[in-house]
Every structure is written in structure tokens, then in C-alpha cells.
There are 2 protein chains.
Amino acid sequence: MTKIKVAINGFGTIGKRVAEAIQLMPDMELIGVVKTRPDYLARMIVRNGLKLYVPEDKLNTFKETGIEPHGVLQDLLREAEVVVDATPGGVGAKYKEIYEKYGIKVIFQGGEKPFVAKKSFSSLCNLEECIGSESLRVVSCNTTALLRLICTLNKYFKIKKVRATIIRRAADPKEDKRGPVDSIKLNPAEIPSHHAEDVKTVLPWLDILTTAFIVPTTLMHVHSVYIVFENNVDRKDIIESLRSTKRILLLDTESTGIDSTAKIIEAARDLGRKRHDIPELVIWKNTIYAHENELWLVQAVHQESIVVPENIDAIRAIVSSPNVHKTIELTDEILGLGKFI
Amino acid sequence: MTKIKVAINGFGTIGKRVAEAIQLMPDMELIGVVKTRPDYLARMIVRNGLKLYVPEDKLNTFKETGIEPHGVLQDLLREAEVVVDATPGGVGAKYKEIYEKYGIKVIFQGGEKPFVAKKSFSSLCNLEECIGSESLRVVSCNTTALLRLICTLNKYFKIKKVRATIIRRAADPKEDKRGPVDSIKLNPAEIPSHHAEDVKTVLPWLDILTTAFIVPTTLMHVHSVYIVFENNVDRKDIIESLRSTKRILLLDTESTGIDSTAKIIEAARDLGRKRHDIPELVIWKNTIYAHENELWLVQAVHQESIVVPENIDAIRAIVSSPNVHKTIELTDEILGLGKFI
């Protein structure tokens with residue numbers, strides 16, 4: 001089997017995780033990683049036997065710190081079939097021109113504006129439509145979470161409207177410059193927040209409104225999701241439908257004692273999951289309230305890792321013509337999704 | 001004018017604030033405060049010229065630390081017309097028997113179970129019904145906030161249902177033993193939370209569901225409130241109705257720059273408000289979303305002080321027969337409510 005030759009530009013929160021996931025995939029080859037700063041992660045790339053590429057004007061900076069890059073960005077783009085742009089939010093758009101110049105397929109992240117790519121991508125919603133696209137944008141962590149829930153439910157029940165309150169973590173664990181430390185901040189100070197619009201880049205027909213807050217925690221986002229269906233729904237059927245995908249973990253509070261994001265993360269640590277990552281969307285089963293045509297539930301989103309499986313699926317969709325069900329199954333299997341406590 | 005003789009049992013977060021409010025009222029006399037521990041607040045009671053009463057078995061403890069109480073609890077209950085029970089949540093129920101023995105009217109706080117008192121109380125909802133009751137329970141800070149909003153709107157528009165997400169502060173500023181420090185905790189891990197039931201102790205006819213989370217902040221709670229009306233509503237009319245009471249502050253983010261609880265509190269400090277208290281319910285005007293029969297808005301609740309005006313109104317309702325509009329107006333005027341930035 002010929003492997004898909006993948007390059008990654010950026011080795012931050014998303015880039016390093018997607019890199020590791022690609023290395024695990026039997027049908028992919030990570031042929032190089034681009035970094036702009038010679039920090040500990042650059043050394044780790046080299047130590048792990050990966051090929052490090054840098055922008056031409058940074059060659060000397062790297063050499064001065066004793067790191068010998070394998071080549072420059074352009075060398076890598078010439079060789080790869082697809083590049084996963086995992087540069088900081090907004091920076092991907094600046095690379096767009098050079099990607100186009102080299103005629104390489106690109107997967108951008110949700111931190112970019114929607115129009116940076118031909119299509120916004122969410123595995124459980126529109127993988128099929130995205131096959132063969134020139135560029136894709138894997139939507140952000142919050143949007144990925146909402147879409148996983150909505151598209152899973154919408155396969156079984158017709159959704160009338162979604163009204164979701166998003167409680168965002170203030171900073172990732174490694175970020176020591178961000179806040180707030182003691183505040184609840186409107187994000188933004190109006191309704192709807194941009195998350196509703198972002199969901200609509202994938203599901204333009206959906207009546208969705210969101211409001212969002214930032215609170216002083218680093219571990220996970222939490223969503224309070226209220227959905228109205230066209231017809232009455234049954235709690236058991238809802239639970240059954242949510243069990244249909246490994247991308248969703250149904251967590252029973254009573255049998256696990258897990259009633260907070262801190263406890264979810266502690267369980268991931270106890271399971272030996274690397275970096276305590278939880279790429280699955282976690283839904284607290286006990287919170288599922290269904291009455292007549294209303295559904296209300298609470299879900300937790302691990303902002304650092306939830307988009308990793310979607311990036312893997314996007315790589316396959318953009319360069320080959322995979323079977324939707326099989327590619328998702330392969331990704332889940334190799335990443336070990338769905339195996340929790 | 002004969003003044004209402006009020007006693008306060010407990011001088012914590014609520015008690016000390018209600019005490020100060022009573023001292024400001026022209027129709028009330030604070031004839032004594034009960035405390036069980038000889039800490040700095042006990043000294044402050046004496047220094048402020050208030051009469052300190054203690055449980056009989058604590059007399060010596062106080063005397064040993066150099067504080068000379070004016071008498072024991074029973075002395076005070078014999079003299080007062082009404083006691084505001086501001087003891088810690090659940091402790092009020094234990095005093096119930098002695099209050100009844102002395103035939104004194106009682107105002108309990110929201111930390112007690114609903115059945116501790118004859119009626120649950122909320123000024124803008126059911127003051128008239130509570131006149132002359134033997135005992136009242138001023139509902140908790142979150143419930144007071146929801147009821148202020150709901151009863152103000154319901155005067156003008158018929159509410160069909162309320163679905164509110166409550167984001168709670170983890171601890172009050174003085175509490176140094178509580179958390180979480182880095183987590184979002186379900187409170188409880190099911191829908192609805194008890195807040196919906198508590199609202200129904202005042203409005204039994206209301207279709208309301210709530211979900212609640214605890215987040216690591218000390219300053220204020222925040223509510224994301226979604227309301228469906230029987231008929232279509234207009235944003236301007238909603239805003240006009242919310243302006244009808246001084247118990248609600250409409251905050252314009254664009255002209256003030258205030259988009260977080262930390263900034264609300266900073267403004268209260270800049271205004272020289274004692275302890276940066278904000279007894280008003282704060283509604284961010286920019287968040288008010290109205291479309292067809294739906295309303296969505298975000299409000300902030302200063303948990304330490306929001307129930308103070310309701311306690312004052314409850315004192316009048318329980319011992320006299322006040323005009324609803326006039327007593328609320330008097331409370332608001334004396335406490336300086338509605339004057340913000």
C-alpha cells in the first residue's frame with residue numbers, strides 16, 4: 001500500500017498531537033514537521049527521528065542552537081501530498097499563498113477564518129462531501145464537539161433548534177499568560193457567539209444560537225446544550241443513538257463518581273493516556289433530560305485533543321476517496337477511542 | 001412612628017449586611033444581634049454600638065476573650081417583634097423551636113429547606129401574599145435573581161417556559177477552604193438542578209428547568225437565561241420592562257466596557273460601594289436576544305448582597321401591612337439601588 005505523504009506545519013498543541021496520530025496510522029507517513037523556533041519541541045522532533053524543516057530565514061537561528069534542520073519549508077512542500085497547517089490561529093492564512101504555489105492540499109485548523117479553505121470539515125457530518133477538496137478546515141474544538149453531538153442525533157431525530165451555553169476554559173495547561181484568574185467573562189458580550197455561525201459553516205440549515213463564557217480553568221470546556229426536535233423523543237432512544245459512535249463517551253456519574261472536568265482528567269491520567277488526552281466528546285449520561293420534544297444535556301470537551309481524529313479523517317478525505325464509515329472506524333481503532341472507565 | 005423591633009441571629013455574609021440595611025431604615029430598629037463566636041465581628045458589633053447577645057452556654061467563652069455580651073439569646077427574643085435568622089444554611093431549622101416558643105416572627109434565608117417557613121418570599125413576585133405570615137424564607141441568591149427577572153417580565157409578557165444555565169461562583173471571597181481551583185463541576189450531575197424547584201416555591205405554575213455548574217471564581221454567579229413566551233416579543237419592549245425596577249441594572253457593554261464579573265466588581269469599588277456590594281441584579285443589555293417568542297440574556301448575581309433588599313421588604317411584610325409598591329420603593333431609595341455607572 002502506498003502511504004499518504006503528510007507534512008505538518010506547526011508543532012504546538014494541535015500539531016504535536018496530530019503528528020503522533022499520523023505516525024500511528026498504517027496508511028500515512030509523516031515526512032516532515034516545520035517549526036519556526038528552536039525550543040525543546042524542536043529537539044524532541046529530532047530525537048524522535050522525525051525530519052525537521054524550518055523557514056529559510058530561520059536556518060541560522062536553529063544551527064546556532066545546535067539543531068541541524070533537515071531542510072527548509074519549501075523542500076518539504078515539494079515532497080508532501082498534503083500539509084496539516086497547525087500554525088497559531090490566523091497564521092495559517094498567511095501560508096496559504098505558498099501552499100497554493102506548491103499545489104499542495106491543505107488542512108487548516110478552526111482558528112482560521114472559514115473562507116481560508118474550500119470547506120469546513122467535521123467527520124460525523126460531512127466527510128463524504130469533503131472528499132477530494134483542495135483544502136479543508138477542521139473546525140475548532142467547541143464546534144467539533146457541537147457537531148459530533150448534533151450530527152449523531154440528527155441521523156435519528158429531526159432537530160428543530162439548538163440553544164447551547166458554552167463555558168470555556170480560560171487557558172490551556174501550558175499557557176501561563178492568559179486569564180481570567182477570578183472572573184466570568186462574556187465571550188462575546190452578545191448573543192449569539194461565533195460558535196453558532198461556525199457550526200453553520202458545516203450545517204447551514206440549522207437553527208442554532210450559542211452564548212459563551214470564559215471561566216478560570218484550564219482542563220476542559222463544558223457545554224449546556226438544549227435541543228428542540230420536530231417530534232417527541234425518548235430518553236432511552238437518545239442514549240442508544242449516542243452510543244452509536246466511539247467519538248462520544250457516555251459517562252455515568254453514579255457508577256463512576258465523575259462529576260467534574262477535574263475528575264474526567266484524573267481518570268484519563270489513571271488510564272495512562274498520554275498527556276491525559278480525551279479526543280472523545282464526553283457526555284454526562286445522568287444529565288440527559290428528555291421530555292416531549294425537548295432534550296437537555298451537559299458535555300465536556302478536551303480542547304487540546306478533540307480535533308485530532310477529525311484531522312486524521314480529513315487527511316484521508318482530501319487525498320484519497322475513503323469509505324466514510326471505514327475511515328472513521330480505522331481512526332477510532334488506531335487511536336483507541338471509546339475505551340474509558 | 002413606632003419602629004419595628006428587629007433582632008438578627010447570625011452575623012455572617014448575610015447577617016452583617018442585613019444588619020447595616022436595617023440600621024439605615026427609618027421604620028426599623030435593630031435591637032440586637034446574636035453571635036456564637038467571639039471573633040473580630042463580635043468586637044465590631046460592640047464597637048458599632050449594637051447590642052450583642054449570645055447563646056447561654058457561650059457566655060463564658062465571650063467573657064474570657066474580654067467581650068461583655070448585653071445578654072443571652074432568650075432576652076433578645078423576648079423583646080423583638082421579628083428575628084432575621086441569618087445562621088448558616090440548615091442551622092436556622094434548629095432554632096425554629098425556640099423562635100416558636102417565644103412566639104416571634106421569623107425570616108429565614110434560602111439556605112434552609114422550603115418547609116422551614118410558612119412561605120418562600122420574593123419581593124417582586126409575592127410580597128402581597130406574604131403580608132402577616134408567621135414566618136418567611138427569603139429564597140437564595142440564585143433564586144432571588146431568577147425570580148426578579150421572571151416576575152418583572154411576567155407582568156408584561158406571558159411566560160411559557162424558562163430554561164436557565166447557572167454558572168456559580170465556587171466560594172465567597174472570604175471562604176478559603178472551598179473549591180474547585182481548576183475544574184468545572186456539575187452541581188448537581190443531573191437536570192434539573194434544585195434551583196428550578198426553588199423558583200417554584202414562589203411560582204408553582206411556572207414551567208422551569210435549570211442546570212448548574214460551579215466554576216473557580218469568587219465574585220458573582222452568572223446565568224444564561226432562555227425564555228419562551230406564549231406570544232412574540234419585541235427587544236425594545238423587553239428592555240423597557242426591565243427598566244421598570246431599580247432591582248435590575250441594565251448594563252451596556254459598549255458604553256461601559258464591562259464584559260465580565262471582575263469588571264462589574266471593579267466598578268462597584270470605584271463607586272465606593274461598601275464591600276463592593278451589588279444588591280441589584282445585573283443584566284448585560286447587549287446580550288438581550290429577542291426573536292419571535294424567544295428571549296435569551298445573560299445576568300450576573302452578587303451572591304453576598306442580592307438578598308439584602310428582599311430581607312428588608314420581608315421584615316415589613318411579616319410584621320405590618322405595607323403597600324407593596326411603596327415598601328419596595330423605600331427600600332430601594334434608602335439602599336441607593338439603581339445608581340450605577
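Laboratory data are not the source of any read-out in this text; all were calculated from the coordinates shown. Bear in mind the structure is a predicted one, so any value in this text is a computation, not a measurement. Cβ coordinates were reconstructed from backbone atoms using ideal geometry, including for glycine residues, and neighbour counts include every protein chain displayed.
Once you order the gyration tensor axes a ≥ b ≥ c over the Cα atoms, which shape class does region B:141-301 get: rounded for a/c under 1.5, otherwise prolate or oblate by comparing a/b with b/c?
Working: a/c = 1.92, a/b = 1.22, b/c = 1.58.
Note, shape of region B:141-301 comes out oblate.
Among A:A196, A:V301, A:C151, whose Cα lies farthest out toward the positive end of the dipole of chain A, if unit charges sit on the beta carbon of Lys, Arg (+1) and Asp, Glu (-1)?
A:V301
Apply 1/(1 + (r/R0)^6) to the Cβ-Cβ distance of A:L41 and B:V181, taking R0 = 22 Å, and write down the FRET efficiency to the nearest 0.05.
Numbers: r = 28 Å, r/R0 = 1.27.
FRET efficiency, A:L41 to B:V181: 0.20.
Which residues in region B:1-36 have a backbone N closer than 19 Å to a point placed 7 Å from the Cα of B:E134 along the Cα-to-Cβ line?
none
What shape does region A:244-341 have by the C-alpha gyration tensor, where a ≥ b ≥ c are the square roots of the eigenvalues, rounded means a/c under 1.5, and otherwise prolate means a/b greater than b/c and oblate the rest? Walk me through the intermediate numbers first.
On the way: a/c = 2.46, a/b = 1.40, b/c = 1.75.
Oblate shape, in that a/c is at least 1.5 and b/c is the bigger or equal ratio.
Please list, in order along region B:197-210, the HN-Hα scalar couplings obtained from phi with the Karplus expression 6.51 cos²θ - 1.76 cosθ + 1.60 (θ = phi - 60°), rounded to whole Hz, x for Gly and Pro.
With the stated coefficients, region B:197-210 comes to 5, 5, 4, 6, 5, 9, 10, x, 7, 7, 7, 9, 10, 9 Hz.
Using 0.36 nm per residue, how much length does the chain from A:N293 to A:H70 gain when fully extended, once their Cα-Cα distance is taken away? Intermediate results must be reported in sequence, preceding the final value.
Values: separation 223, 0.36 × 223 = 80.28 nm, distance 5.83 nm.
This chain segment gains 74.5 nm when fully extended.
Please work through the protein assembly as shown and write down the cysteines that have no neighbouring cysteine Cβ at a distance under 4.7 Å.
Cysteines of the protein assembly as shown left without a disulfide-compatible partner: A:C130, A:C141, B:C130, B:C141.
Taking the Cα centre of region A:1-159 as origin, work out the dipole magnitude from +1 charges on Lys and Arg Cβ and -1 charges on Asp and Glu Cβ, in debye rounded to 20.
Details: 23 positive and 18 negative charges, 89 e Å.
That gives a dipole near 420 debye.
Who wins for biggest fluctuation among B:K285, B:K119, B:K155 in a Gaussian network model of chain B, springs between alpha carbons below 10 Å?
Result: B:K155 has the largest fluctuation of those listed.
Pop out the ³J(HN,Hα) list for region B:245-251 in order, Karplus 6.51 cos²θ - 1.76 cosθ + 1.60 with θ = phi - 60°, rounded to Hz; leave Gly and Pro as x.
Couplings: 9, 6, 6, 10, 9, 9, 9 Hz.
Determine the alpha carbon to alpha carbon distance for each of A:K285/B:K185; A:K3/A:K119; A:K160/A:K200; A:K96/A:K118; A:K158/A:K185 and list only those over 22 Å.
Working: A:K285/B:K185 15 Å; A:K3/A:K119 24 Å; A:K160/A:K200 14 Å; A:K96/A:K118 12 Å; A:K158/A:K185 34 Å.
Violating the 22 Å limit, Cα to Cα: A:K3/A:K119; A:K158/A:K185.
Compare the Cα positions of B:F62, B:V106, B:S321 along the charge dipole of chain B (+1 at Cβ of Lys, Arg; -1 at Cβ of Asp, Glu; about the Cα centre) and return the one farthest towards the positive end.
B:F62
Evaluate peptide B:219-227: per residue, the Cβ atoms of other protein chains within 10 Å of its Cβ; return the mean as an integer.
Details: counts 4, 2, 1, 8, 1, 12, 2, 7, 0.
Partner Cβ neighbours, averaged per residue: 4.
Nearest 5 is fine: what % of DSSP beta bridges in the protein assembly as shown come out antiparallel, could you say? Numbers along the way, then the final one.
Details: 48 of 119 bridges.
If we restrict to bridges inside the protein assembly as shown, about 40 percent are antiparallel.
Percent antiparallel among DSSP beta bridges with both residues in region A:141-301, to the nearest 5? Mind dumping the intermediate values first?
On the way: 23 of 35 bridges.
Roughly 65 percent of the beta bridges in region A:141-301 run antiparallel, per DSSP.
To the nearest 20 debye, what charge dipole does region A:141-301 have about its Cα centre, counting +1 at the Cβ of each Lys and Arg and -1 at the Cβ of each Asp and Glu? Show your work: numbers first, answer last.
Values: 24 positive and 21 negative charges, 90 e Å.
For this selection, approximately 440 debye.
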